[in-house]
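What follows is a single structure, written as structure tokens, with notes after it.
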Amino acid sequence: MKKEIHRQRTKAILKDLEKKMVFVVGPRQAGKTYLSKQIAKKFQSPVFLNYDFIEDRNIIHNLAWDTDADLIVFDELHKMRGWKNFLKGVYDKKPEKMKILVTGSARLDVYRKTGDSMAGRFFVHHLMPFCPSELADQYNKRIGFFMERGGFPEPFLADSEIEAQKWRNGYIDSLLRDDVFSLKKIVNIKLLENIFAVLRRKIGSPISYSSIASDVQSSHPVVKNYIDLLESLYIIFRVPTFSKKISRSILKEQKIYFFDTGMVVGDRGVKFENFAAVCLLKECLRKNDLYGKKYGLKYLRDKEGREVDFVVAENDDIVKKIIEVKLSKSEISKHLRYFSKKYDFPALQVVKNLHTEKEINGIKIVKAENFFQKINNVG
């Protein structure tokens, strides 16, 4: 029997529930339902309603839940027509003691961004896959394990790699069929699968929609539309360039990463970069959700081809850190040194296979195991 895992967001969500309703958003099967049930244990009379279940659906439509409930968890509520106005009405008329937690698939976040009927009534928490910083006190797993299994709870906790891969095959099929069709009725599923397969092999490289369109025998607009769809479902995320005050910066190129590092096809260097991107994005979202900051993950690239893997930026213009990730290189990247010196950016090189940490001309070279366990110090 696998032990219970404590999610770091639990305490912050409980605090926010005292003030407003809370949306928990993020990739499918990242643990949102599990987290909501952990939170429900903190209440005397919680009610858990999943819109996928006909009995719960009837209770929701008829507002027939227990009037003594001190917490209502609405799961998959975005599948209900007019769910935003429904939630607004429930929230505005609820007893003071009753708290509202709303969870569901990534689509919840997509729909939430349209319209303002619930403005000022909710807080948002992003629940991302596991990273070393969250599990340091619970599971002592090396980075190589995260690179192979990814950070989604089920494959991460699976008893074998075979079991984890079986989960992943079913997960991909469900995402590309069930979730896509429920979000967008007209889609060429074979074309989407082909685009998905191409993206798995392009991690860390600037994306060319025209090149992908040629690979899958489609058009630029269609490819972009389908990539937008994959991003809206939290399958992939795009990292744009940081261009503020950067001379001869590339403005529009984006890199793509997968939320599940286990989906990446490539060598260990590529998988390590994807792992790093997920953990850095997770930390940016944590700062945004918990402290009201506006952190974003970007990268540096100029027209001379100089590039640094990641930039952690605040308010789109303040560089907190530029970061280069390497499997084993202990010499400072010349591009990292160039951007750090020219623009006075705080710089860091994170290396997976490193014997000794050191600092050269103000740039630290650190062990990946240490950095990702204490990633909250990144900015």
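Taking segment 255-373 and the strands (runs of 3 or more DSSP E) fully enclosed by it, the elements with 3 or more residues that are in contact (Cβ under 8 Å) with a residue 24 or more places away in the chain are at 295-301, 307-314, 318-326, 347-351. Scanning segment 132-175 for residues that are basic (Lys, Arg), buried (at least 17 other Cβ atoms within 10 Å of the Cβ) and not in a helix (DSSP H, G or I) gives no hits.
Of all residue pairs spaced 6 or more apart or on separate chains, those with beta-carbon atoms under 9 Å, a first member in segment 206-230 that is touching a residue at least 60 places away in the same chain (Cβ under 8 Å) and in the same structural domain as GLU253 (by TED's automatic domain parsing) and a second member that is in a loop (DSSP other than H, G, I, E, B) and of a type outside the set (Gly, Ala, Ser) are PRO206/ILE250; PRO206/GLU253. Among the residues making up segment 340-361, a single one is out of contact with any Asp or Glu (no Cβ under 8 Å at 6 or more places or on another chain), of a type in the set (Val, Ile, Thr) and surrounded by 13 or more Cβ atoms within 10 Å (Cβ to Cβ): VAL351. Entry remark, segment 320-339: residues being surrounded by 20 or more Cβ atoms within 10 Å (Cβ to Cβ) and under 21 Å from the mean Cα position of the chain (by Cα) number 4 in total.
The rows are residues; the columns are (1) surrounded by 16 or more Cβ atoms within 10 Å (Cβ to Cβ); (2) not small (Gly, Ala, Ser).
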position: PHE196; (1), (2): yes, yes
position: LYS202; (1), (2): yes, yes
position: SER210; (1), (2): no, no
position: SER214; (1), (2): no, no
position: SER218; (1), (2): yes, no
position: PRO221; (1), (2): no, yes
position: ILE236; (1), (2): yes, yes
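Looking only at segment 176-202, how many residues end up being part of a loop (DSSP other than H, G, I, E, B) and over 13 Å from PHE258 (Cα atoms)? Residues flagged as part of a loop (DSSP other than H, G, I, E, B) and over 13 Å from PHE258 (Cα atoms) within segment 176-202 amount to 5.
The values are calculated or read from the model by the stated rules, or taken from the named source; none is laboratory data. Keep in mind the model is a prediction, meaning the values are calculated, not measured. Every residue, glycine as well, gets a Cβ built from its backbone with ideal geometry; the counts of neighbours run over all protein chains shown.
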